[in-house]
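The values are calculated or read from the model by the stated rules, or taken from the named source; none is laboratory data. Just so it is clear, the model here is predicted, and its values are computed rather than measured. So basically every Cβ, Gly included, is an ideal-geometry build from the backbone, and we count neighbours across all protein chains shown.
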Ligand SMILES: [Zn+2]
């Protein structure tokens, strides 16, 4: 299995950030991926984790373009995806690289959730950096994130994605108790995987890089899974 990661998409024709992919390229990339992989929902991760030609699509943070671009496109093909949501920024904005980007609203989140195509998972409430905050602060912040998702969507998220920074053992123990799988960057899912450190592949704007990334990791996946 391969898990792909995006952050933000844009209607502009060029992107000034490695975190932002243009709508045009995103659609090309999805077509490229869907020809080569069966794209499944994160809720089926356990069933497919050892399969070679299966992929999961994820978006980090919760930018408005995940609704206005990704969802509008992916729903046409019934392609499921996951948004790792930092709940503090909902109906506001968050700084990503050198851009301040608008965030999803709860109404958009409800609509996507009700479509059954989109799973909202945990990414801490305030997008805390594990380097700069204490374990206590981080655990409280994850709890707040779980509470918000549960009170709005009616379930406790089973999946978590780390914001930047290294995680220590106290946090690992907490995550182990509260989540089925935790995700990070970078790599393909190895044969012997750690449920708390599932690697993903970040996809970028430039198409030659994208094709190289997809082909290289597909090969790696075929050889090592
Ligand atoms: Zn993030």
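What is the one condition in (1) under 21 Å from residue 57 (Cβ atoms); (2) not in a loop (DSSP other than H, G, I, E, B) that residue 170 does not satisfy? Of the numbered conditions (1) under 21 Å from residue 57 (Cβ atoms); (2) not in a loop (DSSP other than H, G, I, E, B), the odd one out for residue 170 is (1). Restricting segment 114-143 to residues that are more than 16 Å from the ligand (Cβ to nearest atom) and surrounded by 21 or more Cβ atoms within 10 Å (Cβ to Cβ), the residue that is nearest to residue 66 (Cα to Cα) is 118. Taking into account only those residues within segment 144-168 that are surrounded by fewer than 17 Cβ atoms within 10 Å (Cβ to Cβ) and within 22 Å of residue 5 (Cβ to Cβ), which is farthest from the ligand (Cβ to nearest atom)? The residue in question is 158. Scanning segment 116-138 for residues that are farther than 18 Å from residue 91 by Cβ, touching a helix residue (DSSP H, G or I) at 6+ places or on another chain (Cβ under 9 Å) and at pLDDT 95 or above yields 117, 119, 121, 122. Inspection of segment 21-43 finds a residue satisfying the criterion of being at pLDDT 95 or above, over 27 Å from residue 164 (Cα atoms), surrounded by fewer than 16 Cβ atoms within 10 Å (Cβ to Cβ) and in contact with a strand residue (DSSP E or B) (Cβ under 9 Å, 6 or more places away or on another chain). Among the residues of segment 102-113, the one identified as within 16 Å of the ligand (Cβ to nearest atom) and surrounded by fewer than 19 Cβ atoms within 10 Å (Cβ to Cβ) is 102. Restricting 31, 99, 16 to those that are farther than 30 Å from residue 154 by Cβ, more than 17 Å from the chain's Cα centre (by Cα) and within 16 Å of the ligand (Cβ to nearest atom) reduces the list to 99. Keeping to segment 67-87, report how many residues are out of contact with any helix residue (DSSP H, G or I) (no Cβ under 8 Å at 6 or more places or on another chain) and within 16 Å of the ligand (Cβ to nearest atom). Residues meeting the conditions: 1. Could you say whether any residue in segment 192-199 is over 27 Å from residue 36 (Cβ atoms) and either under 15 Å from the mean Cα position of the chain (by Cα) or modelled with pLDDT of 90 or more (or both)? Looking through segment 192-199, at least one residue is over 27 Å from residue 36 (Cβ atoms) and either under 15 Å from the mean Cα position of the chain (by Cα) or modelled with pLDDT of 90 or more (or both). Checking each residue of segment 209-224 against the condition of being within 15 Å of the ligand (Cβ to nearest atom) and touching a residue at least 24 places away in the same chain (Cβ under 8 Å) gives no match. Which residues, counting only those in segment 1-18, are part of a loop (DSSP other than H, G, I, E, B) and more than 17 Å from residue 104 (Cα to Cα)? Listed by number, the residues that qualify are 1, 12, 13, 14, 15, 16, 17, 18.
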